[in-house]
Structure formats: C-alpha cells, structure tokens
Amino acid sequence: MGYQELDYLCEAFVIFVLFVVNIRYLQSNQTTEAHRNRWLFSAAPDPHN
C-alpha cells in the first residue's frame, strides 16, 4: 500500500472519529442539537422543508 492510499485511510479515519464524537456530543447535549443542525445544514437545501 502506497503513501497516497495510507493518506486517504488516515483522512477517512479522522473524519469517522469526528463524526462519532459529534453524534455522541449531540446525544448528550440535546438543547443545542437544533441550533447545531441548523448551522451545519444552513448552506445546504433542507430535505425536510
């Protein structure tokens, strides 16, 4: 496996860890979930609207 594949794996792993940590943080902090979701998806079209 070359350095490029290893770099992609490292990036994917970091993104996965950040995703899991963010989910756990949202579950333990329900009060800011709506505000954080609104901020995260403010640049993207809302599929529920």
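Tell me which of these Gln27 doesn't satisfy, since it passes every other one: (1) modelled with pLDDT under 65; (2) assigned to a helix (DSSP H, G or I); (3) loosely packed, with under 10 Cβ neighbours inside 10 Å.
Here Gln27 clears every test but (1).
Quick one: Leu18 ticks every box in (1) at pLDDT 80 or above; (2) loosely packed, with under 10 Cβ neighbours inside 10 Å except a single one, so which number is it?
(2)
The values are calculated or read from the model by the stated rules, or taken from the named source; none is laboratory data. These numbers were taken from a predicted model, which means no experiment stands behind them. Neighbour counts are summed over all protein chains in view; Cβ atoms, including those assigned to glycine, are modelled from backbone coordinates with ideal geometry.
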